[in-house]
Amino acid sequence: MSSDESARVLRGRFVDRPNRFLVVVELDDHSRVEAYLPNTGRLTHLLQPGRPLILRPDAAEHRKTSYTAIRAWDGCWVALEASLAPALLADWLAAGHRLGRFGLATAIRREVPAGRHRFDLVVTTADGPVWVEVKSGGRAVGGDALVSATPSTRGVAHLAALSHMVEDGERAAAAFVIQRPDVSRLRIGGDADPAWIAAIVAARDAGVEILAFGCDVDDTTVRIDRELPVVYDDR
């Protein structure tokens, strides 16, 4: 984090969420502003009255707000920009880290179409390509990262598509990037959306590699710094 980046962000506290893309924040000077929320999850564990938030000024002609909410406090800073997850994983792999059992990446492509779907990454390894769908996470209880409690028909469909690809002889993985620093594993269970749990378990059973990664997060930067074990309530 540079001093310039740190100086640019604004700090405040959560007031309200009028819709899933917008939050109202009271700044430290007690003025109130609206900020774009780059995360469609319910986030009820984070967006509670008075909870500290960090905003990044993002003024542009096409925007309806002048700020983006990038962090929420939950005993540590949790990154809110869900769309960053594929880039974070691509950076991690490009730095020489393994994609689970598939090994090291020799090439990485972004946003690759296949049939009716578009997958976040295609990672080429020594044994060929791996289709990878990347999901962002930010929920945690007692050191366990949890899958989203928000239903996602698109996410479930992507997992089913990966399962069909494996059945057809392709290699595939679903990667969960947990954008907070205080978790030691990903738990598939608990109060997560039942459709999400069922889709992940079905994908696992079909041969899709289920991976999880933890992040180092401060008030302006986020990066993957470790792979996390994945545990299942059904085992």
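Of Val112, Val147, Val123, the residue with the greatest mean-square motion in the GNM of the chain, using alpha carbon springs below 10 Å, is Val112.
How do His62, His158 rank when sorted from fewest to most other Cβ atoms within 10 Å of their own Cβ?
On the way: His62 4, His158 22.
In order of increasing Cβ crowding within 10 Å: His62, His158.
Here the scattering of segment 161-200 is modelled by Debye summation over its C-alpha atoms, one equal scatterer each and no solvent; at q = 0.16 Å⁻¹ the log10 of I(q)/I(0) is -0.58. As a length-normalised measure over Cα pairs under 8 Å and 6 or more apart, the relative contact order of segment 3-73 settles at 31 percent.
Within segment 16-48, report the trypsin sites (Lys or Arg not before Pro) that DSSP leaves as loop and that have at most 13 other Cβ atoms within 10 Å.
Working: sites: Arg20, Arg32, Arg42; in loops: Arg20, Arg42.
Within segment 16-48, the qualifying trypsin sites (Lys or Arg not before Pro) (loop, at most 13 other Cβ atoms within 10 Å) are Arg20.
Computed over segment 117-174, the convex hull of the alpha-carbon atoms projects to a mean area of 5.0 nm². Under a Gaussian network description of the chain, with springs only between Cα atoms under 10 Å, the residue in Ile70, Ile224, Ile108 that fluctuates furthest is Ile108. Let me have the relative contact order for the chain, percent, based on Cα pairs under 8 Å that are six or more residues apart. Relative CO of the chain lands at 15 percent.
Taking the DSSP bridge list for the chain and keeping only pairs wholly inside it, about 70 percent are antiparallel. The equivalent ellipsoid of segment 45-92 has semi-axes of 20, 20, 8 Å, largest first, where each one is the square root of 5 times an eigenvalue of the Cα gyration tensor.
Out of the DSSP beta bridges found with both residues in segment 141-227, what percent are antiparallel (nearest 5)? Could the numbers behind the result be given before it?
Numbers: 6 of 15 bridges.
So the antiparallel bridges in segment 141-227 amount to around 40 percent.
Rg and Dmax over the alpha-carbon atoms of segment 16-78 stand at 11.2, 35 Å. Among Ser148, Ser184, sorting on how many other beta-carbon atoms sit within 10 Å of each Cβ, with the fewest leading, yields Ser184, Ser148.
The distance from the alpha carbon centre of segment 32-106 to that of segment 160-218 is 19 Å, rounded to a whole number.
Summing Cβ point charges (Lys, Arg +1; Asp, Glu -1) relative to the Cα centre of the chain gives a dipole of roughly 280 debye. For the chain, take the longest principal axis of its alpha carbons; what is the angle in degrees between that and the long axis of helix 153-167, to the nearest 10 within 0 to 90? Roughly 20 degrees between the two axes. Have a look at Ala195, His117, Phe176 and report the one farthest towards the positive end of the charge dipole of segment 82-232, computed about the Cα centre with Cβ charges (Lys/Arg +1, Asp/Glu -1). Toward the positive end, the furthest listed residue is His117. Its residue count N fixes a reference of 2.2 N^0.38 Å for the chain, and the Cα radius of gyration divided by that reference is 1.04.
So for Trp73, Trp131, fewest C-beta neighbours within 10 Å to most, what's the order? Write down the numbers at each step before the final one.
Working: Trp73 16, Trp131 23.
Arranged by neighbour count, lowest to highest, Trp73, Trp131 become Trp73, Trp131.
A short reminder: the numbers here are calculations on the coordinates, not readings from a lab. All of these numbers come straight from a predicted model, not from anything done at the bench. Methodologically, a virtual Cβ is constructed for each residue, glycine included, from the backbone with ideal geometry; neighbour enumeration extends over all protein chains shown.
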